[in-house]
Each structure stands twice: as C-alpha cells, then as structure tokens.
Amino acid sequence: MYHTEPYSYRVEGQGASQIAASIEAGIREGALGPGDDLLPVRELAAQLGVSPSTVAVAYRALKDRGLVTTRGRSGTRVSLGPPIAVRGPVQVPAGVRNLADGNPDPDLLPNLGPLLARLDDRPRLYGEAPNLPSLIDLARRQFEDDGVPVEALSVVGGAMEAFERVLNAHLDRGDRIAIEDPGHANLIDLVRALGLEIEPVPMDEQGPMVDGLERALRRRARAVAITPRAHNPTGTVLSPQRSADLAALVQEFPDVVVIEDDHAGRVANAPARTLTGVGLNNWAVVRSVSKTLGPDLRLAVVAGDRTTITRVEGRRLLGTGWVSNVLQELVAALWSNPETDQLLTTAQETYADRRQSLLNELHQRGISAHGTSGLNVWVPVDEEHGPTQRLLDLGWAVSAGQRFRLISPPALRITAATLLPEEAALFAGDLTHALRPDHRTRET
C-alpha cells in the first residue's frame, strides 16, 4: 500500500550529500513510502535555509540512483521500487486470498527432493567452466526449437540479472530504453536505478504498438525490452503480424539492443516469437525458470550475439564468477526428466483454464479484462485505490496497476495462478461490487 496522506518526515542537512542521505534514511526506515511526493525544490530549500540549487543537486543524485523519479513540473516522488533495503515486503493480512504476488502455483512446481540426492557431490573449485555443458546443450535445443538464433549462450542468476548485465554491457547513464507500457514493474525499477531514461511504448492486444516503438526509436532509444508471450502484467501475446512488423522496424535501427523476456516459457500457453535474427547487431533472449521450476532456483539462460554474451560473461567473472553448479545441475536434471515435461504440460493447461475461467466470469458481468497468456489478468479501471481496498475488505488482495504503468491508464493486475475455476464466480462478483459499490455485495 502506498502513502495517501502527506508524510511527516522532516528532511535535514545543509549540503546536497546530507540532504540526499536524509531522504534515503527516510525511505529506508519507511517514513517515506513508494510514490510519496517530495517537497518542491524551493519549498524544501526555504525550510532548510539553503539554496534551491543545493536541493536540486540532492534530488538529482537520488534520481541517478533510482531512489526518486521526476515528473517535470509535477515534482519529484519516491520511486515505486527504490533500490534500497527497506523494512520487509507488504504483508497480506491473514485470511485474505493473495491474487497480487505474481507467483506460480506451488502445487504445479516440481518436487526437488528426489533429484537433489542424485546431484554430483564433487567439490567445485575456482577456475572451472562457469557454464555447465549439459545445461547449455539443453538450452540450445530449446532455443533452436523455438526459432531463436543461438550464436552464444550464458547462464546468469535470474532474469533481472540478465537484463542488468545486458544493459550495462551496451548503455550508459542517461541513455534511453523503450519499455512496454504497462510493463514489468521490476524491470521499470531496475532501469531507473541504472540511471536510464524510459521511453514508454503503448500496448494493445497484439503487443507493443508499432508507432509507439518507432516514436521511441526516433527519440534515440538505444535499447528495446519486450515480452513476446505471458506479458506481465497484461497477459498479452505478440501476434504473428505484430511480431513481423516490429522485427522489420527494429532492423531499420541495427545498433539498437533488443532484449526479450521469456519468463514463462513452457507454461505460457502460447508459441514463442522473437524479433531477433537477421539485421540486428546486438540482442538477447532471456529464459528464466522462475515460473516453470520455481523462483528460488534463481537461474536464467541468455541467448545473444557473441559481443553481448562475451561482455555479460566478462562482467560476471569480475563479480559472482558463476551461477552455482548445484543450481545448474538441478535445472539440467529437471529439464531432462520426463516427469518434469509432463508436469509443465499440466501446469500450462491448468493456468490457461484458471485464467480463462476468470475472464469468462468477468466478461459475463460486463467487466473489461485482458489475459491471453501466462498467470495474470489485467482489468482497466477508473481509479485503483478504491477497488483495491474494497476487494481487500472482501478478502481478496490484488495489485494496483500503478507499479506497472508509466503513462497508461489505471488498472488492476490479478494473478489467476491459484484461483480455482469454481472460485472465479465468487471473485468476479466481489470485483463487480468493488468497481460498482452500489451493486449487491456478494454472489453465492
């Protein structure tokens, strides 16, 4: 939940670094919450008895670190996902169904126990190959089967690490990146923390809009990030025609870096499509295992051009060095196991059934909703706070769309991964009431 009342935290300091440190402390301690407006530059300067330029420098430093965002004349506010350790995540109250977290259904994730006992228990030392050959071979076959070119591959610690490594390999602070709007909240937070400027690309039911991406590229965006299937938060799938149109467009800008997020993989219930291939100098396709095998595995395989992958691996060697061989062996064992293949087929069908059941119930009640693929359903609303709170009072937690939006209209994100078809009618009835409070309260 975001603060809705003016904050009482008193910023202190006489120099820019002291003022920035005071605001950071307020964010860290929770006195300044995500989305809170900071005082205008001149007002804070008068309060502290310093020059407006001193406060402007402090705000600029916080913006460069991704702690705050600026909105021109609309002022400065705390980022919705500031890159700083804060006091724990927002907790869903006891007894409330959590349709907000974006998680897969734990019952549709593989049991790791039997495979753990069979892993190679030989101690691994410095200097060994960072990428497990068996995992790389399996990933290569997967990418090739999906039509993704396999020039080079690397194993990294999850999708967001892959994005950070690729972006750092090609972009500098102040560079622009085209991002879907609405889009993945963690990615939006990450690129802000990297000091990159976001060019929003509007979405429709076929994917990112061509004219929106062209506008971003004409404004010298140096990278493009898209999710071809199971788009988070809207559940959009890139249509064949839109994929072809976007691919033709980015080929007119061969120096732009195209990064694709295939986080849902096998459970997306949609074919893989890619803009990569002929005509691009730098690109990456990121396939993580969080939604298919479990978020705790923290592993993704990245396919890309040789320059990009070489830079990613070189930077990784200076930091973590490699992804744990225990994790790599476990993922390779799961990918090679026929039982995993059967479970992923079941998960794909189950998620599709649950998502479609919810969509059917919403549409029957005249509620516009979207979600062709993946775990989530996106519901446009007039405003987000009221319906979110009324649903919470009725026992349901959903995500306000604010974190996922740049300039697109308000909406709610509903994670349908654990919502059983027989529960969909009850939830849809409660959502109807939350959107139209004069409607009768509950369905039975």
**Report entry** Given charges at beta-carbon only (K, R positive; D, E negative), |dipole| of the stretch 113-336 in Debye
**Finding:** 360
Query raised in the report: Roughly how many nanometres apart are two label points built 7 Å out from the Cα toward the Cβ at Leu116 and Thr320?
Result: 1.9
Requested in this report: Would you give the gap between the C-alpha center of the stretch 336-412 and the C-alpha center of the stretch 239-254, rounded to a whole Å?
Outcome: 28
Query - For the stretch 417-426, Karplus couplings with θ = phi - 60° (6.51, -1.76, 1.60), whole Hz, Gly/Pro x - result: 4, 10, 7, 5, x, 6, 8, 4, 5, 4
Query raised in the report: Can you list the HN-Hα couplings for the stretch 237-243, worked out from phi with the Karplus curve (6.51, -1.76, 1.60; θ = phi - 60°), rounded to whole Hz and with x for Gly and Pro?
Result: 10, 5, 6, x, 5, 5, 4
Report task. Could you work out how far the C-alpha centroid of the stretch 47-73 sits from that of the stretch 264-301, in angstrom? Result -> 37
**Report entry** Amide H contacts under 5 Å for Val257, placed H, 5+ residues apart
**Finding:** Ala223, Val224
Report summary line: So the FRET efficiency between Gln389 and Val210, C-beta based with R0 = 51 Å and rounded to 0.05, is 0.85
Query raised in the report: Hey, how much of the P(r) for the stretch 239-295 falls beyond 12 Å, as a percent of Cα pairs?
Result: 68
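As a test, work out the antiparallel percent of DSSP beta bridges whose residues both lie in the chain, rounded to the nearest 5.
Details: 24 of 45 bridges.
For the chain, the DSSP antiparallel bridge percentage is about 55.
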Query raised in the report: Out of every Cα pair in the chain, what percent are spaced more than 31 Å from each other?
Result: 46
Requested in this report: Name the residues whose placed amide hydrogens come within less than 5 Å of the amide hydrogen of Gly102, ignoring near sequence neighbours (fewer than 5 apart) on the same chain.
Outcome: Thr415
Query raised in the report: Amide H to amide H under 5 Å from Ala152: which residues, 5+ apart in sequence or cross-chain, H placed 1.01 Å off N in plane?
Result: Gly304
Report summary line: With x for Gly and Pro, the residue-by-residue ³J(HN,Hα) of the stretch 303-310, computed from phi through the Karplus equation 6.51 cos²θ - 1.76 cosθ + 1.60 at θ = phi - 60° and given in whole Hz, is 9, x, 5, 4, 4, 4, 5, 4
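What's the Kirkwood radius of the stretch 16-78 in Å, using all Cα pairs?
On the way: mean 1/r = 0.0870 Å⁻¹.
Mean inverse Cα-Cα distance, inverted, gives 11.5 Å.
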Query raised in the report: Over the stretch 18-123, with a single point scatterer placed on each C-alpha, what log10 of the ratio I(q)/I(0) does the Debye formula yield at q = 0.22 1/Å?
Result: -1.15
Query raised in the report: With no solvent and one point per C-alpha, what does the Debye sum give as log10 I(q)/I(0) for the stretch 113-336 at q = 0.09, 0.11, 0.15, 0.16 Å⁻¹?
Result: -0.34, -0.51, -0.95, -1.08
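What full-extension length gain, to one decimal in nm, is calculated for Glu29 and Glu151 as 0.36 nm per residue of separation minus the Cα-Cα distance? Provide the component values of the computation, followed by the final result.
Values: separation 122, 0.36 × 122 = 43.92 nm, distance 4.60 nm.
Separation in residues times 0.36 nm, less the Cα-Cα distance, equals 39.3 nm.
In whole percent, what relative contact order does the stretch 16-78 give with Cα contacts below 8 Å and a gap of six or more residues? Walk me through the intermediate numbers first.
Values: 63 pairs, mean separation 25.3, N = 63.
Here the relative contact order equals 40 percent.
None of the figures in this text is laboratory data; all of them are computed from the coordinates on show. Because the structure is a prediction, the values reported are computed rather than measured. Positions of Cβ are generated from backbone atoms using ideal geometry, with glycine treated the same way; all protein chains shown enter the neighbour counts.
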